[in-house]
1. Being under 20 Å from V8 (Cβ atoms), among the acidic types (D, E) and touching a residue at least 12 places away in the same chain (Cβ under 8 Å) narrows it down to one residue among E160, E108, E70, E140; which is it?
2. If a residue has to be in contact (Cβ under 8 Å) with a residue 40 or more places away in the chain and in contact with a strand residue (DSSP E or B) (Cβ under 7 Å, 6 or more places away or on another chain) to count, how many in segment 264-273 make the cut?
3. When you check V409 against the structure, is it more than 14 Å from G494 (Cα to Cα) and surrounded by 18 or more Cβ atoms within 10 Å (Cβ to Cβ), yes or no?
4. Restricting to segment 116-160, count the residues that are closer than 19 Å to N184 by Cα, among the hydroxyl-bearing types (S, T, Y) and part of a strand (DSSP E or B).
5. Scan segment 429-479 residue by residue and report those that are aliphatic (A, V, I, L, M), in contact with a helix residue (DSSP H, G or I) (Cβ under 9 Å, 6 or more places away or on another chain) and free of Cβ contacts under 8 Å to residues at least 60 places away in the same chain.
6. Quick check: anything in segment 181-198 part of a helix (DSSP H, G or I) and at pLDDT below 95?
7. Taking segment 281-332, which residues are touching a residue at least 60 places away in the same chain (Cβ under 8 Å) and either assigned to a loop (DSSP other than H, G, I, E, B) or outside the structural domain of G215 (by TED's automatic domain parsing) (or both)?
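The values are calculated or read from the model by the stated rules, or taken from the named source; none is laboratory data. Only a predicted model underlies this, so the values are computations on that prediction, with no experimental measurement involved. Glycine also receives a Cβ, built like all others from the backbone with ideal geometry; neighbour counts cover every protein chain displayed.
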Amino acid sequence: MNKETVIVLDFGGQYNQLIARRVRECSVYCEVKPYTISLEELQALNPKGIIFTGGPNSVYEETSPGCSREIFELGIPILGICYGSQLMAHVLGGRVKTAPVSEYGRTEVEVDTKDVMFQDVSPKSVCWMSHTDYIAQAPEGFHVTAHTPVCPVAAMSFPEKRLYAVQFHPEVMHTEEGRQMLENFVYRVCGCTGDWKMDSFVETATKDLREKIGGGKVLCALSGGVDSSVAAVLLSKAVGKQLTCVFVDHGLLRKNEGDEVEEVFGANGAYELNFIRVNARQRYYEKLRGVTEPEEKRKIIGAEFIRVFEEEAKKIGAVDFLVQGTIYPDVIESGLGKSAVIKSHHNVGGLPDVVEFKEIIEPLRMLFKDEVRKAGLELGIPKHLVFRQPFPGPGLGVRIVGEVTEEKVKIVQEADHIYREEIARAGLEQNLGQYFAALTNMRSVGVMGDFRTYDYAVALRAVNTSDFMTAEAAQIPWEVLNKVTNRIVNEVKGVNRVLYDCTGKPPGTIEFE
(Lines give C-alpha, C1' and ligand atoms only; values in the text may rest on other atoms or scores of the structure.)
Protein backbone atom coordinates (compact mmCIF):
# COMPACT_ATOMS: atom_id res chain seq x y z
CA MET A 1 0.00 0.00 0.00
CA ASN A 2 1.24 3.45 -0.86
CA LYS A 3 0.66 4.81 2.65
CA GLU A 4 2.61 6.74 5.23
CA THR A 5 3.97 3.99 7.45
CA VAL A 6 5.38 3.83 10.95
CA ILE A 7 7.22 0.61 11.83
CA VAL A 8 7.08 -0.88 15.32
CA LEU A 9 10.10 -3.06 16.02
CA ASP A 10 9.10 -5.99 18.23
CA PHE A 11 11.56 -6.69 21.05
CA GLY A 12 9.24 -9.15 22.78
CA GLY A 13 6.99 -7.01 24.98
CA GLN A 14 3.27 -7.62 25.49
CA TYR A 15 2.11 -4.22 24.20
CA ASN A 16 3.82 -4.26 20.81
CA GLN A 17 0.62 -4.54 18.80
CA LEU A 18 -1.13 -2.07 21.07
CA ILE A 19 1.44 0.55 20.09
CA ALA A 20 0.62 -0.15 16.44
CA ARG A 21 -3.07 0.20 17.19
CA ARG A 22 -2.52 3.57 18.89
CA VAL A 23 -0.56 4.83 15.90
CA ARG A 24 -3.39 3.76 13.61
CA GLU A 25 -5.79 5.67 15.85
CA CYS A 26 -3.85 8.71 14.67
CA SER A 27 -4.83 7.74 11.07
CA VAL A 28 -1.28 6.62 10.32
CA TYR A 29 -0.70 3.09 9.01
CA CYS A 30 1.55 0.99 11.22
CA GLU A 31 3.08 -2.46 10.96
CA VAL A 32 4.99 -4.58 13.45
CA LYS A 33 8.27 -6.13 12.37
CA PRO A 34 10.74 -8.32 14.30
CA TYR A 35 13.80 -6.61 15.72
CA THR A 36 15.89 -8.97 13.56
CA ILE A 37 14.83 -7.19 10.35
CA SER A 38 17.83 -6.03 8.35
CA LEU A 39 18.57 -2.35 7.80
CA GLU A 40 18.09 -2.87 4.06
CA GLU A 41 14.63 -4.41 4.55
CA LEU A 42 13.72 -1.66 6.98
CA GLN A 43 14.75 1.11 4.58
CA ALA A 44 12.85 -0.60 1.75
CA LEU A 45 9.63 -0.11 3.75
CA ASN A 46 10.29 3.65 3.59
CA PRO A 47 8.99 4.31 7.10
CA LYS A 48 8.19 7.81 8.31
CA GLY A 49 9.18 6.70 11.80
CA ILE A 50 10.29 3.73 13.92
CA ILE A 51 9.17 2.76 17.42
CA PHE A 52 11.17 0.46 19.69
CA THR A 53 8.92 -1.53 22.02
CA GLY A 54 9.16 -3.10 25.45
CA GLY A 55 11.03 -6.36 25.97
CA PRO A 56 12.91 -8.28 28.67
CA ASN A 57 13.65 -6.90 32.14
CA SER A 58 17.21 -5.91 31.27
CA VAL A 59 19.37 -5.07 28.27
CA TYR A 60 22.18 -6.97 30.01
CA GLU A 61 20.56 -10.41 29.90
CA GLU A 62 22.42 -12.91 27.70
CA THR A 63 19.42 -13.49 25.46
CA SER A 64 18.18 -9.89 25.39
CA PRO A 65 17.39 -8.63 21.87
CA GLY A 66 19.49 -5.76 20.58
CA CYS A 67 20.06 -3.50 17.60
CA SER A 68 22.97 -2.02 15.70
CA ARG A 69 24.16 1.53 16.19
CA GLU A 70 23.66 2.08 12.46
CA ILE A 71 19.89 2.20 12.78
CA PHE A 72 20.23 5.53 14.57
CA GLU A 73 22.18 6.92 11.63
CA LEU A 74 19.47 6.27 9.01
CA GLY A 75 17.91 9.68 9.58
CA ILE A 76 14.53 8.09 10.40
CA PRO A 77 12.83 9.38 13.59
CA ILE A 78 12.91 6.80 16.39
CA LEU A 79 10.91 6.57 19.61
CA GLY A 80 12.02 4.08 22.27
CA ILE A 81 9.41 2.88 24.77
CA CYS A 82 10.26 1.11 28.07
CA TYR A 83 12.90 -1.52 27.15
CA GLY A 84 13.23 0.30 23.84
CA SER A 85 14.32 3.46 25.65
CA GLN A 86 16.89 1.53 27.71
CA LEU A 87 18.20 -0.18 24.58
CA MET A 88 18.60 3.18 22.90
CA ALA A 89 20.56 4.52 25.89
CA HIS A 90 22.69 1.37 26.14
CA VAL A 91 23.66 1.26 22.45
CA LEU A 92 24.41 5.00 22.25
CA GLY A 93 26.68 5.12 25.32
CA GLY A 94 24.33 5.96 28.18
CA ARG A 95 24.17 4.06 31.45
CA VAL A 96 21.44 1.57 32.33
CA LYS A 97 21.31 -0.07 35.76
CA THR A 98 18.98 -1.82 38.16
CA ALA A 99 16.53 0.57 39.77
CA PRO A 100 16.58 0.91 43.57
CA VAL A 101 12.80 0.43 43.44
CA SER A 102 10.88 -1.05 40.52
CA GLU A 103 8.03 1.28 39.62
CA TYR A 104 4.86 -0.44 38.45
CA GLY A 105 1.54 1.27 37.86
CA ARG A 106 0.39 4.85 37.61
CA THR A 107 3.15 7.33 38.42
CA GLU A 108 3.25 11.12 38.30
CA VAL A 109 5.97 12.10 35.82
CA GLU A 110 7.36 15.62 35.59
CA VAL A 111 7.84 16.44 31.90
CA ASP A 112 9.42 19.27 29.92
CA THR A 113 6.47 20.68 27.98
CA LYS A 114 8.87 22.55 25.67
CA ASP A 115 10.06 19.21 24.27
CA VAL A 116 8.17 18.23 21.12
CA MET A 117 7.04 14.90 22.67
CA PHE A 118 5.30 16.69 25.52
CA GLN A 119 3.74 19.68 23.83
CA ASP A 120 0.11 20.13 24.95
CA VAL A 121 0.77 17.73 27.85
CA SER A 122 0.45 18.57 31.56
CA PRO A 123 3.77 19.41 33.33
CA LYS A 124 2.95 16.66 35.83
CA SER A 125 1.48 13.87 33.74
CA VAL A 126 0.09 10.59 35.11
CA CYS A 127 1.80 7.74 33.23
CA TRP A 128 1.93 3.95 33.44
CA MET A 129 5.42 2.95 34.55
CA SER A 130 6.84 -0.56 34.46
CA HIS A 131 10.55 -1.26 34.87
CA THR A 132 13.20 -3.21 36.73
CA ASP A 133 16.18 -1.49 35.13
CA TYR A 134 16.21 2.19 34.25
CA ILE A 135 18.33 4.79 32.49
CA ALA A 136 20.69 6.21 35.10
CA GLN A 137 22.49 8.49 32.65
CA ALA A 138 21.44 9.68 29.20
CA PRO A 139 23.89 9.28 26.28
CA GLU A 140 25.91 12.26 25.11
CA GLY A 141 23.81 14.75 23.12
CA PHE A 142 20.50 13.73 24.75
CA HIS A 143 18.45 16.05 26.95
CA VAL A 144 16.57 14.67 29.94
CA THR A 145 12.93 15.65 29.34
CA ALA A 146 11.11 13.84 32.17
CA HIS A 147 11.79 12.26 35.54
CA THR A 148 10.18 10.68 38.60
CA PRO A 149 11.54 10.48 42.17
CA VAL A 150 12.85 6.99 41.29
CA CYS A 151 13.70 7.34 37.61
CA PRO A 152 16.13 10.22 36.81
CA VAL A 153 15.66 9.73 33.03
CA ALA A 154 11.98 8.92 32.56
CA ALA A 155 12.32 10.46 29.08
CA MET A 156 15.10 11.86 26.91
CA SER A 157 15.45 13.39 23.47
CA PHE A 158 18.02 14.30 20.82
CA PRO A 159 15.92 16.64 18.60
CA GLU A 160 18.66 17.25 16.03
CA LYS A 161 18.73 13.52 15.22
CA ARG A 162 14.98 13.09 15.89
CA LEU A 163 15.61 10.45 18.57
CA TYR A 164 13.22 10.21 21.52
CA ALA A 165 12.76 7.80 24.41
CA VAL A 166 10.24 7.32 27.23
CA GLN A 167 10.53 4.82 30.08
CA PHE A 168 6.76 4.72 30.63
CA HIS A 169 4.05 3.34 28.31
CA PRO A 170 2.18 6.05 26.36
CA GLU A 171 0.17 3.38 24.50
CA VAL A 172 -1.84 2.06 27.47
CA MET A 173 -5.03 3.74 28.62
CA HIS A 174 -3.57 4.20 32.13
CA THR A 175 -1.23 6.89 30.75
CA GLU A 176 -3.73 9.73 30.71
CA GLU A 177 -2.13 11.83 27.97
CA GLY A 178 -0.41 9.02 26.08
CA ARG A 179 -2.47 9.59 22.93
CA GLN A 180 -1.21 13.18 22.74
CA MET A 181 2.39 12.03 23.18
CA LEU A 182 2.11 9.53 20.31
CA GLU A 183 0.37 12.11 18.13
CA ASN A 184 3.25 14.48 18.82
CA PHE A 185 5.69 11.83 17.64
CA VAL A 186 3.92 10.76 14.43
CA TYR A 187 2.82 14.25 13.38
CA ARG A 188 5.34 16.72 14.82
CA VAL A 189 8.45 14.53 14.68
CA CYS A 190 7.75 12.13 11.79
CA GLY A 191 5.79 14.65 9.71
CA CYS A 192 2.85 12.32 9.00
CA THR A 193 -0.38 13.77 7.64
CA GLY A 194 -2.72 10.85 8.49
CA ASP A 195 -3.91 9.00 5.38
CA TRP A 196 -4.87 5.61 6.89
CA LYS A 197 -8.64 5.06 6.71
CA MET A 198 -10.73 1.90 7.10
CA ASP A 199 -12.28 2.23 3.65
CA SER A 200 -8.82 1.75 2.18
CA PHE A 201 -8.41 -1.45 4.20
CA VAL A 202 -11.71 -2.90 2.94
CA GLU A 203 -10.86 -2.03 -0.65
CA THR A 204 -7.35 -3.46 -0.46
CA ALA A 205 -8.36 -6.57 1.50
CA THR A 206 -11.15 -7.39 -0.96
CA LYS A 207 -8.77 -7.08 -3.91
CA ASP A 208 -6.07 -9.17 -2.19
CA LEU A 209 -8.52 -11.92 -1.22
CA ARG A 210 -9.91 -12.12 -4.75
CA GLU A 211 -6.40 -12.47 -6.19
CA LYS A 212 -5.26 -14.98 -3.57
CA ILE A 213 -8.32 -17.27 -3.77
CA GLY A 214 -8.80 -17.15 -7.52
CA GLY A 215 -11.31 -19.85 -8.43
CA GLY A 216 -10.80 -21.82 -5.21
CA LYS A 217 -13.51 -22.91 -2.79
CA VAL A 218 -13.61 -21.26 0.61
CA LEU A 219 -14.97 -22.48 3.94
CA CYS A 220 -15.60 -19.80 6.54
CA ALA A 221 -15.91 -20.35 10.28
CA LEU A 222 -18.98 -18.33 11.24
CA SER A 223 -19.82 -17.90 14.92
CA GLY A 224 -22.12 -14.91 14.52
CA GLY A 225 -19.77 -12.74 16.57
CA VAL A 226 -18.35 -9.45 15.32
CA ASP A 227 -15.06 -10.83 14.00
CA SER A 228 -16.37 -13.85 12.09
CA SER A 229 -19.34 -11.87 10.76
CA VAL A 230 -17.11 -9.17 9.32
CA ALA A 231 -14.76 -11.81 7.89
CA ALA A 232 -17.71 -13.63 6.28
CA VAL A 233 -19.17 -10.51 4.66
CA LEU A 234 -15.71 -9.43 3.48
CA LEU A 235 -15.18 -12.85 1.86
CA SER A 236 -18.66 -12.78 0.36
CA LYS A 237 -17.84 -9.40 -1.19
CA ALA A 238 -14.58 -10.83 -2.56
CA VAL A 239 -15.59 -14.24 -3.92
CA GLY A 240 -19.38 -14.56 -3.67
CA LYS A 241 -20.77 -18.09 -4.14
CA GLN A 242 -17.32 -19.67 -3.83
CA LEU A 243 -17.84 -19.17 -0.09
CA THR A 244 -19.58 -21.62 2.25
CA CYS A 245 -20.10 -20.48 5.85
CA VAL A 246 -20.27 -23.19 8.49
CA PHE A 247 -21.68 -22.41 11.90
CA VAL A 248 -20.60 -24.94 14.53
CA ASP A 249 -23.07 -25.02 17.39
CA HIS A 250 -20.79 -26.49 20.06
CA GLY A 251 -23.29 -26.10 22.86
CA LEU A 252 -21.14 -23.43 24.50
CA LEU A 253 -22.99 -20.41 23.13
CA ARG A 254 -25.05 -17.83 24.98
CA LYS A 255 -28.77 -18.44 25.46
CA ASN A 256 -30.67 -18.61 22.14
CA GLU A 257 -27.55 -17.56 20.23
CA GLY A 258 -27.54 -20.48 17.82
CA ASP A 259 -31.01 -19.64 16.58
CA GLU A 260 -30.13 -15.93 16.36
CA VAL A 261 -27.07 -16.66 14.20
CA GLU A 262 -29.14 -18.81 11.84
CA GLU A 263 -31.82 -16.13 11.64
CA VAL A 264 -29.29 -13.51 10.53
CA PHE A 265 -27.09 -15.56 8.18
CA GLY A 266 -29.30 -18.51 7.20
CA ALA A 267 -31.61 -18.99 4.23
CA ASN A 268 -34.04 -16.34 5.45
CA GLY A 269 -31.34 -13.87 6.44
CA ALA A 270 -30.17 -10.68 4.77
CA TYR A 271 -27.03 -12.14 3.20
CA GLU A 272 -26.59 -14.39 0.19
CA LEU A 273 -24.34 -16.92 1.88
CA ASN A 274 -24.11 -20.69 1.67
CA PHE A 275 -24.94 -21.39 5.33
CA ILE A 276 -24.57 -24.72 7.16
CA ARG A 277 -25.38 -25.23 10.84
CA VAL A 278 -23.72 -28.19 12.57
CA ASN A 279 -25.07 -29.43 15.90
CA ALA A 280 -21.99 -30.70 17.75
CA ARG A 281 -23.07 -30.15 21.36
CA GLN A 282 -22.82 -33.69 22.72
CA ARG A 283 -19.56 -34.21 20.84
CA TYR A 284 -17.98 -31.26 22.67
CA TYR A 285 -19.39 -32.21 26.07
CA GLU A 286 -17.85 -35.67 25.71
CA LYS A 287 -14.45 -34.26 24.72
CA LEU A 288 -14.46 -31.83 27.67
CA ARG A 289 -15.55 -34.36 30.30
CA GLY A 290 -13.18 -34.29 33.28
CA VAL A 291 -11.00 -31.49 31.85
CA THR A 292 -10.39 -28.57 34.25
CA GLU A 293 -7.23 -26.78 33.05
CA PRO A 294 -8.11 -23.63 30.99
CA GLU A 295 -5.41 -24.05 28.36
CA GLU A 296 -6.29 -27.71 27.84
CA LYS A 297 -9.95 -26.79 27.37
CA ARG A 298 -9.00 -24.19 24.76
CA LYS A 299 -6.82 -26.71 22.92
CA ILE A 300 -9.56 -29.35 22.90
CA ILE A 301 -12.19 -26.91 21.68
CA GLY A 302 -9.80 -25.64 18.99
CA ALA A 303 -8.88 -29.12 17.80
CA GLU A 304 -12.52 -30.26 17.66
CA PHE A 305 -13.42 -27.04 15.88
CA ILE A 306 -11.04 -27.92 13.04
CA ARG A 307 -12.10 -31.57 12.92
CA VAL A 308 -15.75 -30.57 12.44
CA PHE A 309 -14.73 -28.24 9.63
CA GLU A 310 -12.70 -30.95 7.93
CA GLU A 311 -15.73 -33.24 8.00
CA GLU A 312 -18.00 -30.53 6.56
CA ALA A 313 -15.42 -29.75 3.88
CA LYS A 314 -15.47 -33.39 2.74
CA LYS A 315 -19.27 -33.29 2.45
CA ILE A 316 -19.25 -30.26 0.14
CA GLY A 317 -16.26 -31.41 -1.92
CA ALA A 318 -12.73 -30.12 -2.26
CA VAL A 319 -12.11 -26.97 -0.24
CA ASP A 320 -8.98 -24.91 -0.75
CA PHE A 321 -9.14 -22.32 1.99
CA LEU A 322 -10.39 -22.01 5.56
CA VAL A 323 -11.27 -18.47 6.67
CA GLN A 324 -11.20 -17.42 10.31
CA GLY A 325 -11.92 -14.14 12.10
CA THR A 326 -8.61 -13.94 13.94
CA ILE A 327 -7.76 -10.40 15.08
CA TYR A 328 -4.63 -8.80 16.53
CA PRO A 329 -5.35 -9.33 20.26
CA ASP A 330 -5.81 -13.07 19.55
CA VAL A 331 -2.37 -13.18 17.97
CA ILE A 332 -0.67 -11.20 20.73
CA GLU A 333 -2.08 -13.23 23.57
CA SER A 334 -1.25 -16.51 21.84
CA GLY A 335 2.40 -15.43 21.72
CA LEU A 336 4.16 -13.47 18.98
CA GLY A 337 7.78 -14.31 18.35
CA LYS A 338 9.48 -14.23 21.75
CA SER A 339 6.47 -12.69 23.51
CA ALA A 340 4.94 -14.67 26.35
CA VAL A 341 1.84 -16.76 25.74
CA ILE A 342 -1.05 -15.44 27.85
CA LYS A 343 -3.67 -17.82 26.45
CA SER A 344 -4.21 -19.85 23.30
CA HIS A 345 -7.04 -18.86 21.00
CA HIS A 346 -8.95 -21.59 19.20
CA ASN A 347 -8.19 -19.98 15.85
CA VAL A 348 -4.53 -19.14 16.53
CA GLY A 349 -2.58 -21.20 19.05
CA GLY A 350 -5.01 -24.09 19.42
CA LEU A 351 -4.82 -25.56 15.92
CA PRO A 352 -4.00 -29.26 15.56
CA ASP A 353 -0.88 -30.26 13.65
CA VAL A 354 -2.74 -31.53 10.57
CA VAL A 355 -5.33 -29.31 8.92
CA GLU A 356 -6.87 -30.58 5.69
CA PHE A 357 -6.97 -27.29 3.82
CA LYS A 358 -4.58 -25.70 1.37
CA GLU A 359 -4.25 -22.63 3.53
CA ILE A 360 -5.88 -20.74 6.39
CA ILE A 361 -6.86 -17.16 5.59
CA GLU A 362 -7.25 -14.59 8.37
CA PRO A 363 -8.26 -11.32 6.67
CA LEU A 364 -8.69 -9.41 9.96
CA ARG A 365 -5.44 -10.57 11.52
CA MET A 366 -3.93 -7.07 11.41
CA LEU A 367 -6.93 -5.30 12.97
CA PHE A 368 -7.94 -4.44 16.50
CA LYS A 369 -11.55 -4.74 17.64
CA ASP A 370 -12.47 -1.12 17.01
CA GLU A 371 -10.97 -1.35 13.51
CA VAL A 372 -12.96 -4.53 12.84
CA ARG A 373 -16.13 -2.67 13.77
CA LYS A 374 -15.21 0.21 11.46
CA ALA A 375 -14.61 -2.28 8.65
CA GLY A 376 -18.00 -3.83 9.38
CA LEU A 377 -19.76 -0.47 9.05
CA GLU A 378 -17.83 0.20 5.84
CA LEU A 379 -19.10 -3.15 4.51
CA GLY A 380 -22.68 -2.14 5.28
CA ILE A 381 -23.27 -4.59 8.14
CA PRO A 382 -26.08 -3.35 10.44
CA LYS A 383 -24.99 -1.52 13.58
CA HIS A 384 -26.63 -3.98 15.98
CA LEU A 385 -24.41 -6.72 14.55
CA VAL A 386 -21.26 -4.62 14.34
CA PHE A 387 -21.49 -3.54 17.98
CA ARG A 388 -22.50 -6.93 19.34
CA GLN A 389 -20.80 -7.99 22.57
CA PRO A 390 -17.46 -9.78 22.04
CA PHE A 391 -17.58 -13.52 22.64
CA PRO A 392 -14.56 -15.86 22.85
CA GLY A 393 -14.11 -18.55 20.22
CA PRO A 394 -14.19 -21.35 22.83
CA GLY A 395 -17.45 -19.85 24.10
CA LEU A 396 -18.71 -20.58 27.59
CA GLY A 397 -16.05 -23.27 27.86
CA VAL A 398 -13.73 -20.55 29.14
CA ARG A 399 -16.38 -18.85 31.27
CA ILE A 400 -16.90 -21.99 33.32
CA VAL A 401 -14.11 -22.51 35.84
CA GLY A 402 -13.31 -26.20 36.16
CA GLU A 403 -15.02 -29.05 34.32
CA VAL A 404 -17.58 -28.18 31.63
CA THR A 405 -20.89 -30.03 31.88
CA GLU A 406 -24.25 -29.56 30.22
CA GLU A 407 -25.73 -28.57 33.60
CA LYS A 408 -23.09 -25.88 34.16
CA VAL A 409 -23.58 -24.53 30.63
CA LYS A 410 -27.29 -24.13 31.34
CA ILE A 411 -26.54 -22.28 34.61
CA VAL A 412 -24.16 -19.78 33.05
CA GLN A 413 -26.43 -19.26 30.02
CA GLU A 414 -29.37 -18.32 32.23
CA ALA A 415 -27.30 -16.11 34.55
CA ASP A 416 -25.63 -14.35 31.64
CA HIS A 417 -28.99 -13.77 29.92
CA ILE A 418 -30.38 -12.10 33.06
CA TYR A 419 -27.26 -9.95 33.43
CA ARG A 420 -27.32 -8.77 29.81
CA GLU A 421 -31.05 -8.14 30.00
CA GLU A 422 -30.74 -5.89 33.07
CA ILE A 423 -27.70 -4.06 31.66
CA ALA A 424 -29.77 -3.26 28.55
CA ARG A 425 -32.77 -2.15 30.61
CA ALA A 426 -30.53 0.21 32.59
CA GLY A 427 -29.20 1.72 29.34
CA LEU A 428 -25.58 0.82 30.19
CA GLU A 429 -24.71 -1.46 27.26
CA GLN A 430 -23.22 1.25 25.01
CA ASN A 431 -20.91 2.43 27.80
CA LEU A 432 -19.28 -0.93 28.47
CA GLY A 433 -16.50 -2.61 26.50
CA GLN A 434 -17.55 -6.10 27.55
CA TYR A 435 -19.77 -7.66 30.21
CA PHE A 436 -20.83 -11.22 30.99
CA ALA A 437 -21.51 -13.77 33.71
CA ALA A 438 -19.11 -16.62 34.46
CA LEU A 439 -19.53 -19.70 36.62
CA THR A 440 -16.92 -20.17 39.34
CA ASN A 441 -15.98 -23.61 40.59
CA MET A 442 -16.80 -22.53 44.14
CA ARG A 443 -19.79 -23.87 46.04
CA SER A 444 -20.90 -22.46 49.37
CA VAL A 445 -23.65 -22.70 51.94
CA GLY A 446 -26.75 -20.58 51.50
CA VAL A 447 -30.35 -20.33 52.65
CA MET A 448 -33.32 -20.43 50.27
CA GLY A 449 -36.65 -20.19 52.10
CA ASP A 450 -36.51 -22.67 54.98
CA PHE A 451 -33.86 -24.83 53.38
CA ARG A 452 -30.07 -24.95 53.49
CA THR A 453 -28.40 -24.93 50.06
CA TYR A 454 -24.93 -25.80 48.85
CA ASP A 455 -24.71 -24.27 45.39
CA TYR A 456 -22.46 -22.42 42.95
CA ALA A 457 -21.29 -18.81 42.93
CA VAL A 458 -21.69 -16.82 39.72
CA ALA A 459 -19.17 -14.05 38.95
CA LEU A 460 -20.26 -10.94 37.05
CA ARG A 461 -17.68 -9.11 34.97
CA ALA A 462 -17.87 -5.74 33.21
CA VAL A 463 -14.96 -3.69 31.86
CA ASN A 464 -14.33 -0.39 30.15
CA THR A 465 -11.81 -0.67 27.33
CA SER A 466 -11.14 0.73 23.89
CA ASP A 467 -8.59 -1.81 22.69
CA PHE A 468 -9.13 -5.01 24.75
CA MET A 469 -5.42 -5.02 25.60
CA THR A 470 -5.91 -2.97 28.77
CA ALA A 471 -9.12 -2.51 30.73
CA GLU A 472 -10.62 -1.17 33.94
CA ALA A 473 -13.43 -2.81 35.88
CA ALA A 474 -16.64 -0.87 35.21
CA GLN A 475 -18.44 0.78 38.12
CA ILE A 476 -21.91 -0.68 37.63
CA PRO A 477 -24.55 1.13 39.75
CA TRP A 478 -25.34 -0.82 42.90
CA GLU A 479 -29.08 -0.88 42.21
CA VAL A 480 -28.40 -2.67 38.90
CA LEU A 481 -26.06 -5.22 40.50
CA ASN A 482 -28.59 -5.75 43.29
CA LYS A 483 -31.39 -6.43 40.82
CA VAL A 484 -29.23 -8.81 38.76
CA THR A 485 -28.19 -10.67 41.92
CA ASN A 486 -31.75 -11.09 43.15
CA ARG A 487 -32.94 -12.38 39.78
CA ILE A 488 -30.07 -14.84 39.37
CA VAL A 489 -30.37 -16.45 42.82
CA ASN A 490 -34.16 -16.65 42.47
CA GLU A 491 -34.43 -17.72 38.84
CA VAL A 492 -31.33 -19.84 38.16
CA LYS A 493 -31.34 -23.26 39.75
CA GLY A 494 -28.00 -24.23 41.28
CA VAL A 495 -26.83 -20.69 42.21
CA ASN A 496 -27.00 -19.16 45.68
CA ARG A 497 -24.30 -16.47 45.51
CA VAL A 498 -23.30 -13.70 43.06
CA LEU A 499 -19.90 -11.95 43.02
CA TYR A 500 -18.64 -8.92 41.08
CA ASP A 501 -15.11 -8.97 39.64
CA CYS A 502 -13.29 -5.67 40.29
CA THR A 503 -10.00 -6.68 38.63
CA GLY A 504 -8.56 -4.66 35.73
CA LYS A 505 -6.32 -5.82 32.89
CA PRO A 506 -3.54 -6.07 33.82
CA PRO A 507 -3.23 -7.95 36.15
CA GLY A 508 -6.28 -10.01 35.11
CA THR A 509 -7.48 -10.94 31.64
CA ILE A 510 -10.84 -9.72 30.36
CA GLU A 511 -12.21 -13.25 30.25
CA PHE A 512 -12.86 -15.12 33.51
CA GLU A 513 -11.33 -18.59 33.35
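1. On the way: E160 fails: under 20 Å from V8 (Cβ atoms); E108 fails: under 20 Å from V8 (Cβ atoms); E140 fails: under 20 Å from V8 (Cβ atoms).
That would be E70, the only listed residue that is under 20 Å from V8 (Cβ atoms), among the acidic types (D, E) and touching a residue at least 12 places away in the same chain (Cβ under 8 Å).
2. The qualifying residues number 2.
3. Answer is no for this residue.
4. Total meeting the criteria: 3.
5. Taking segment 429-479 as the starting set, the residues that turn out to be aliphatic (A, V, I, L, M) are 432, 437-439, 442, 445, 447-448, 457-460, 462-463, 469, 471, 473-474, 476.
If we keep only those that are in contact with a helix residue (DSSP H, G or I) (Cβ under 9 Å, 6 or more places away or on another chain) too, we end up with 432, 437-439, 448, 458, 460, 462, 469, 474, 476.
Listed by number, the residues that qualify are L432, A437, L439, M448, V458, L460, A462, A474, I476.
6. For segment 181-198, residues part of a helix (DSSP H, G or I) and at pLDDT below 95: present.
7. Once the filter is applied, which keeps residues that are touching a residue at least 60 places away in the same chain (Cβ under 8 Å) and either assigned to a loop (DSSP other than H, G, I, E, B) or outside the structural domain of G215 (by TED's automatic domain parsing) (or both), segment 281-332 yields R289, G290, V291, T292, G317, A318, V319, D320, Q324, G325, T326, I327.
Yes or no, residue by residue, for (1) surrounded by fewer than 21 Cβ atoms within 10 Å (Cβ to Cβ); (2) in a loop (DSSP other than H, G, I, E, B):
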residue	(1), (2)
S58	yes, yes
E61	yes, yes
I71	yes, no
L79	no, no
S85	no, no
K114	yes, yes
